[in-house]
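To start, the structure under review is shown below, and the notes come after it.
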Amino acid sequence: MGGKLIVFEGVEGCGKTSQMLLCGEWLQSLGVSVVATREPGGTELGLHLRRLLLEKVENKPFGPAQGKPVAEVTELLLYAADRSQHVEQELKPNLAAGKYILCDRYTDSTIAYQGYGRGLNMSLINQLNNIATGGLESDLTIWLDVDVEIGLTRKRGSEPTLDRIEQETIAFHRRVQQGYTELAASYPERIVRVDGSLSKEAVQQAIQEILRGHLKGLP
Ligand code: TMP
């Protein structure tokens with residue numbers, strides 16, 4: 001397999017989506033064959049799952065939508081289902097074809113959000129991540145580290161309404177951030193931190209330097 005799996009991670013509003021797109025343009029300008037994708041929602045099935053997972057919580061006074069519409073373990077299983085489909089349908093074939101895949105979120109999101117954020121059992125999460133990926137790990141994960149409040153303020157400024165997970169408490173988002181901090185410390189070879197509070201240009205520059213350092217095959 002000549003391809004590479006490069007993942008972008010971070011809390012809400014960390015800037016990963018726009019940095020990933022800039023990175024894709026840069027790689028293409030070097031003549032690298034790039035595929036951009038995301039979780040959840042990198043496949044047709046995944047798009048349905050994404051909608052189910054992220055729909056806003058409406059404050060309905062009665063009916064089945066009252067309260068929390070997705071139970072925590074259900075949420076974990078839906079992210080795993082999305083990932084399993086994504087790995088089979090998109091990631092494996094594109095890696096086999098020698099593509100550089102830029103992926104907006106992957107297994108570390110489940111550890112950070114469902115593990116640290118929700119407090120679900122870590123060994124269950126690791127098992128599900130293994131089942132869903134068949135052991136496929138990222139070659140490199142870029143963690144865009146921004147302060148949780150700054151990220152959420154950016155989100156509120158750029159989107160008219162927040163989705164179900166963005167609507168979670170600030171304490172939840174802080175636990176997610178703690179998750180990324182601990183993951184980066186545990187896997188320094190695979191996860192590289194970038195200061196996401198820098199300017200867009202400086203962040204992109206840092207990402208390009210990291211890719212140059214880690215991916216020896218770049219033209
Ligand atoms: P985003 O694509 O805009 O970042 O939205 C995806 C949301 O889903 C985000 O709030 C993080 C959340 N998420 C999880 O909670 N667990 C996961 O495994 C993944 C991939 C995403």
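Considering each residue of the range 6-60, count those that are closer than 17 Å to Leu144 by Cβ and assigned to a strand (DSSP E or B), and give that number.
Qualifying residue count for the region: 6.
For the range 126-133, check the following and say yes or no: at least one residue is surrounded by fewer than 23 Cβ atoms within 10 Å (Cβ to Cβ) and touching a Gly at 6+ places or on another chain (Cβ under 8 Å).
no
Take the residues in the range 1-42 that are touching a strand residue (DSSP E or B) at 6+ places or on another chain (Cβ under 9 Å) and among the charged types (D, E, K, R), then tell me which one is most open to solvent (accessible area, probe 1.4 Å).
Only one residue tops the list, namely Glu25.
Quick check on my filter: what residues within the range 156-171 are within 12 Å of the ligand (Cβ to nearest atom) and either in a loop (DSSP other than H, G, I, E, B) or surrounded by 16 or more Cβ atoms within 10 Å (Cβ to Cβ) (or both)?
Glu159, Leu162, Asp163, Arg164, Ile165, Glu166, Gln167, Glu168, listed by residue number.
Give the residue that is surrounded by the most Cβ atoms within 10 Å (Cβ to Cβ), with candidates limited to residues of the range 72-123 that are outside any helix (DSSP H, G or I) and within 12 Å of the ligand (Cβ to nearest atom).
Among them, the one singled out is Tyr106.
Could you please find all residues in the range 43-71 being open to solvent by 90 Å² or more (accessible area, probe 1.4 Å) and modelled with pLDDT under 95?
Selection gives Arg51, Glu55, Glu58, Asn59, Lys60, Pro61, Phe62, Pro64, Gln66, Lys68.
From the list Asp195, Asp139, Asp145, pick out the single residue that is modelled with pLDDT of 95 or more, under 15 Å from the mean Cα position of the chain (by Cα) and more than 16 Å from the ligand (Cβ to nearest atom).
Among Asp195, Asp139, Asp145, only Asp139 is modelled with pLDDT of 95 or more, under 15 Å from the mean Cα position of the chain (by Cα) and more than 16 Å from the ligand (Cβ to nearest atom).
Show the residue pairs meeting these rules: Cβ distance below 6 Å; 6+ apart or different chains; first residue within the range 37-51 and closer than 16 Å to Thr133 by Cβ and touching a residue at least 24 places away in the same chain (Cβ under 8 Å); second residue basic (Lys, Arg) and open to solvent by 20 Å² or more (accessible area, probe 1.4 Å).
The qualifying pairs are Glu39/Arg105; Pro40/Arg50.
When residues of the range 116-130 are filtered for being out of contact with any Lys or Arg (no Cβ under 9 Å at 6 or more places or on another chain) and touching a residue at least 40 places away in the same chain (Cβ under 8 Å), how many remain?
Residues flagged as out of contact with any Lys or Arg (no Cβ under 9 Å at 6 or more places or on another chain) and touching a residue at least 40 places away in the same chain (Cβ under 8 Å) within the range 116-130 amount to 3.
Determine if the range 134-141 includes at least one residue that is hydroxyl-bearing (Ser, Thr, Tyr) and within 26 Å of His214 (Cβ to Cβ).
Yes, the conditions are met somewhere in the range 134-141.
Going by the conditions given, is Arg175 free of Cβ contacts under 8 Å to residues at least 60 places away in the same chain and touching a Gly at 6+ places or on another chain (Cβ under 8 Å)?
yes
The values are calculated or read from the model by the stated rules, or taken from the named source; none is laboratory data. Given the structure is predicted, the values throughout are model-derived calculations rather than measurements. So basically every Cβ, Gly included, is an ideal-geometry build from the backbone, and we count neighbours across all protein chains shown. Calculation scope for accessible area: heavy atoms of the full protein, side chains included, ligands and nucleic acids excluded. Shrake-Rupley method; radii C 1.70, N 1.55, O 1.52, S 1.80 Å.
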